[in-house]
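Scroll down for the structure; my scribbles are underneath it.
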Amino acid sequence: MDLFTIVSIILIIITVITAIIAAEMKDLLSAAIALGIMSLIVSILFYMLQAPDVAITEAAIGAALSMAVVIFAIRSTERWEK
Amino acid sequence: MIRPVLLIALPLFFAFLSPIIGIWSKKGVRYLIIFATALNATLAGILLLEALQKPVFDIIGGFQPPLGIVLMVGPLGAIIAFIINLVAFAISIYNLKVEKEPIVRYSMLYLLLVMGSTGMVLTGDLFNLFVFLEVTSIASYGLAAYNKDKKGYLGAMKYVIIGSIGSTFVLLGIALIYSQLRTLNMLDIAARIGTMDPYVKIMAFTSLFLGFGVEAEMFPLNTWVPDAYDGAPHPISAAFASLPAKAGVFALARVIFTMFSFTNFLWFVVVMGLLTVFFGEIVAYTQKDLKRMLAYSSIGQMGMIIMGLGIGTTLAVEGAFYQMIAHALGKALLFIAAGFLIYAARSGKIEDMKGMARNPLIGIPLLIGALSIMGMPPFAGFYGKFFILMGGFSQGYYAIIALFLAASIVEVAYYARFIKIVFERGNESKVIRPDAATYVPLIILAIIIVVIGVYPKPILTVLQHVGTFIAGGA
Amino acid sequence: MKKALAIVLAILIFIVFALAFVKIPFGEKMSTYPHYYNPITNQTSNMSLPQHYLTYGKNDTGATNMVTAIVVDYRGFDTLGEVTVLFLASTGVGSLMYVENKVKKKVRRSNAVVETGSKLLFGFIILFGAYIFIHGHLTPGGGFPGGAVIASAFLLLYLAYPKFHAKHEKLSVSESIAGLTFVIVGLIGLIIAGYFLYNFLPFGLPTYLFSAGVIPLIYVAIGVKVGSELTAIVDSMMGVRE
Amino acid sequence: MTAVVYIILEIIGYIFISIGTFFLLLASIGLIRMPDVYNRMQTATKATTLGALSVLVGIGLIDLWWLPKSLILAIFIVLTAPIGASALARASYKHGVKLWKGSVVDKYKDEKEED
């Protein structure tokens, strides 16, 4: 196994963990942050798979803007899932 | 000579133009939308005449398919696009009744809904079909919640969840097909579908079928239908029944016949269609709320169309297309009338609408629409059901035909009950006269239903091309 | 019980799709792909579709970035659709979040460091976003990421200045003008060459800024459009406060 | 002649990178060792900024082609890191995160009382 495979496997595992955290968290703010981390790691994965275009878009939209929008939505409703 | 791309480019142009016009005049935007849909309907009519000669291919960007995108318009696609735009024109007149702000945004969403449904019918490229599916469904989400009340949000939320699952399935199916064949053009896929791995082929078909089944209101995927129809503004309920649903079922037909020419898998489609018919009609019988009843009835009718596609003989598919046309016209009419009745009775319950339709301007079109949906002989809805039945008969699906007839009887029963209540004698004083924005679209739709019911020859001429469609042509 | 059922269902769907997806070739030689077939002229080509894009893409479109060549030129119609999807999303959010007479909550000012810093950064971020979409046909990037970067600059302003408020009319006008540009470029192509979205400008020399015909024009339009749409979404989400 | 200059620049660059990594190491140790949020934030920004800056300058010196890009990156780090840190610290103060009991000054509190 070369370094590339090891790094990508680690990143994929982190992605899966953050996705599960985002789905399971009762605190929606933490879930949103986990989602942002997931987007960031996915964008790194895109970069590693030689798709820089998609990586830039994912980083800007997934990690920054959509997280901000989700946080605004949480702020105008409730923070804790019932 | 009309290029099919104009049917997509001009609505887009007007939709992008309307915010600028909306700064000066909000009223102007509404008339602009009416003009745009009228223009589109005219263009679609001319396109239909052209497509009857031979299928029209419109290459976009100057790259030969499958390098670039191509629009592929056969006679059947052209007539569905024509009906969609015609109904859209009628509904856009009724749109004048919507008063709630922000009206400019509402008009843009409506126009793009029309554009998306037209694009789904016209395109000949699988990924382009997905893009237009997205346009249609996102416009629908916005419009379903437009009333901004609890009902609207509930319906829109259900629609968003189920619709996005459906879109994901479509995308997965496209990915599977592309990974095997390295192409996205429908005819190219059709030519080489045999070289696909059988398991991947089945999975791709199932994904696409489920994905488009959401828009086509197929049985397990239609829980959003009653809530979304009920919560949306009245013109939008009418539009949902005739634009995205018809585009979705046409996409389903494209998947079944143009791309995967399955013959041994179609019993599955018939069973799904039959389940949809039964679910829709029986639940509709129990409904007390007018719009919910119409929504469930719409599910039942869509089930009949899916069944017709599934039976797969020329006659049955002809019937399915006839039923699509009749249902698009009839259900739009009934929803517009329902909007008026709910407005007049100040309630959505059928019992409260006693004698509300006793004004001839509303009563006669309502009667025509209901009879057509029930499948009574002189009106448009008759031929569709009749052809589907005959097609099933020739294939030997006797048990299915019996069940289909039973469901039709249930349908007749609840429509008869509804008609009896709204025409009952009684509180004459409360009956109000509809204004022009209500009765003009009703009369337009009613006249078309009567004309194609009494003189079905033009439609039947177009539907002669069903044979080539089933064989995988445009 | 319900949860267990859901997990079982999810695992089942995963397995069924995984069995199909393992059949996707990964890292295979491109020459083994199936050759494409032109349904209009009824001819089978001697190469596969990705091979054609990589071999002739530069000649066909004039763009050095092959992703851009496919996104804006070969499949430009899809991109028009995707831009419309974003437009719809922003319009839908705007119509759902619409409130007459916005009541603004009394908000605390953020501190001086954040205010000055974001004022300084704002211009740089806008510049960076513009760079990304203007150079879309030469380097990785393009209208969508560039627009997102511009919107994130506005997001910074929203966070630093709680009273900041982008004018909705201006946003929607810039959005419409950008969209109109895209459609009009397409229609001009239809008039000149008979193909919607035809690349009617001269290609110029590859790797130069003014090359690849209409691609930079379209990408600038997309960048402006995406930027103003995402800003409008952020603005509508910020606006609902009582 | 030029080759010698390049070698010297490369050596200086590596020295810069070593200094930078040393500071980054200190920052990460501080992140674990410091008692409360504010102190940890201080190590995480001040030391990291310096470390990252010298790493960037070092990279620029090793390969001069990269120098403009790394300088732009350095400017962005100088602009963003303190802003982020101050916003975070302020937010956590407003949110009621207590100072470490050994803290001696609380300027922010004094300033608030003046308002």
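The values are calculated or read from the model by the stated rules, or taken from the named source; none is laboratory data. These numbers come from a predicted model, not from an experiment. Here the Cβ positions follow ideal geometry from the backbone for every residue, glycine too, while neighbour counts run over all protein chains shown.
Taking the criterion of being aliphatic (A, V, I, L, M) and at the interface with chain C (Cβ under 10 Å from one of its Cβ atoms), the residues of the stretch B:1-47 that qualify are B:VAL5, B:LEU6, B:ILE8, B:ALA9, B:LEU10, B:LEU12, B:ALA15, B:LEU17, B:ILE20, B:ILE21, B:ILE23.
Of the residues in the stretch C:120-164, how many are out of contact with any helix residue (DSSP H, G or I) (no Cβ under 8 Å at 6 or more places or on another chain) and within 17 Å of C:ASP235 (Cβ to Cβ)? The number of residues fulfilling the criteria is 2.
Residues in the stretch B:419-451 that are loosely packed, with under 12 Cβ neighbours inside 10 Å and acidic (Asp, Glu): B:GLU428 alone.
Has the stretch C:14-21 got any residue that is within 23 Å of B:GLY194 (Cβ to Cβ), assigned to a helix (DSSP H, G or I), under 30 Å from the mean Cα position of the chain (by Cα) and among the aromatic types (Phe, Trp, Tyr)? Scanning the stretch C:14-21, I find at least one residue that is within 23 Å of B:GLY194 (Cβ to Cβ), assigned to a helix (DSSP H, G or I), under 30 Å from the mean Cα position of the chain (by Cα) and among the aromatic types (Phe, Trp, Tyr), so the answer is yes.
Per-residue answers, yes or no, for (1) among the small types (Gly, Ala, Ser); (2) touching a Cys at 6+ places or on another chain (Cβ under 8 Å); (3) modelled with pLDDT under 90:
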| residue | (1), (2), (3) |
| --- | --- |
| B:ALA216 | yes, no, yes |
| B:GLY231 | yes, no, yes |
| B:ILE236 | no, no, no |
| B:VAL249 | no, no, no |
| B:VAL255 | no, no, yes |
| B:VAL270 | no, no, yes |
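Counting only helices (runs of 4 or more DSSP H) that sit wholly inside the stretch D:1-98, those with at least 1 residues that are within 26 Å of C:ALA153 (Cβ to Cβ) are D:37-42, D:48-62, D:67-94. If you go through the stretch C:29-56 and keep only what is assigned to a helix (DSSP H, G or I) and either at the interface with chain B (Cβ under 10 Å from one of its Cβ atoms) or farther than 30 Å from C:LEU209 by Cα (or both), you end up with C:MET30, C:SER31, C:THR32, C:LEU49, C:PRO50, C:GLN51, C:HIS52, C:TYR53, C:TYR56. How many residues, within the stretch C:206-220, are under 26 Å from B:GLN64 (Cβ atoms) and either aliphatic (A, V, I, L, M) or within 14 Å of chain A (Cβ to nearest Cβ) (or both)? Residues flagged as under 26 Å from B:GLN64 (Cβ atoms) and either aliphatic (A, V, I, L, M) or within 14 Å of chain A (Cβ to nearest Cβ) (or both) within the stretch C:206-220 amount to 6.
Being surrounded by fewer than 21 Cβ atoms within 10 Å (Cβ to Cβ) and either in contact with a Ser or Thr (Cβ under 8 Å, 6 or more places away or on another chain) or at positive phi (or both) holds for only one residue in B:LYS97, B:LYS54, and it is B:LYS97. For the stretch C:57-86, the tally of residues that are within 11 Å of chain B (Cβ to nearest Cβ), assigned to a helix (DSSP H, G or I) and closer than 28 Å to B:VAL135 by Cα stands at 17.
Between C:VAL99, C:VAL173, the distinction of being aliphatic (A, V, I, L, M), over 30 Å from B:PRO4 (Cβ atoms) and assigned to a loop (DSSP other than H, G, I, E, B) belongs to C:VAL99 only. On the stretch given as the stretch A:39-59, residues that are within 13 Å of chain C (Cβ to nearest Cβ) and assigned to a helix (DSSP H, G or I) total 12. Within the stretch C:231-238, is even one residue in contact with a helix residue (DSSP H, G or I) (Cβ under 6 Å, 6 or more places away or on another chain), of a type in the set (Gly, Ala, Ser), within 14 Å of chain A (Cβ to nearest Cβ) and at positive phi? Within the stretch C:231-238, not a single residue is in contact with a helix residue (DSSP H, G or I) (Cβ under 6 Å, 6 or more places away or on another chain), of a type in the set (Gly, Ala, Ser), within 14 Å of chain A (Cβ to nearest Cβ) and at positive phi. From the list C:ILE24, C:ILE15, the lone residue that is among the β-branched types (Val, Ile, Thr) and over 30 Å from B:ASP188 (Cβ atoms) is C:ILE15. Listed by position, the helices (runs of 4 or more DSSP H) inside the stretch B:133-225 whose residues that are within 24 Å of C:GLY92 (Cβ to Cβ) and within 11 Å of chain C (Cβ to nearest Cβ) number at least 1 are B:150-181. One residue stands out in the stretch C:138-171 among those that are of a type in the set (A, V, I, L, M) and surrounded by fewer than 17 Cβ atoms within 10 Å (Cβ to Cβ): the one that is farthest from the chain's Cα centre (by Cα), namely C:LEU159. Against the list (1) part of a helix (DSSP H, G or I); (2) crowded, with 20+ Cβ neighbours inside 10 Å, the condition C:LEU197 fails is (1).
I'd like to check something: does the stretch B:137-160 contain any residue that is crowded, with 21+ Cβ neighbours inside 10 Å and farther than 28 Å from B:ILE236 by Cβ? Among the residues of the stretch B:137-160, not one is crowded, with 21+ Cβ neighbours inside 10 Å and farther than 28 Å from B:ILE236 by Cβ, which makes the answer no. Only one of the listed residues (B:GLY68, B:GLY61, B:GLY74) is of a type in the set (Gly, Ala, Ser), within 14 Å of chain C (Cβ to nearest Cβ) and touching a residue at least 24 places away in the same chain (Cβ under 8 Å). That residue is B:GLY74. For the stretch C:205-234, taking the residues that are of a type in the set (Phe, Trp, Tyr) and assigned to a loop (DSSP other than H, G, I, E, B), the one that is farthest from the chain's Cα centre (by Cα) is identified as C:TYR208.
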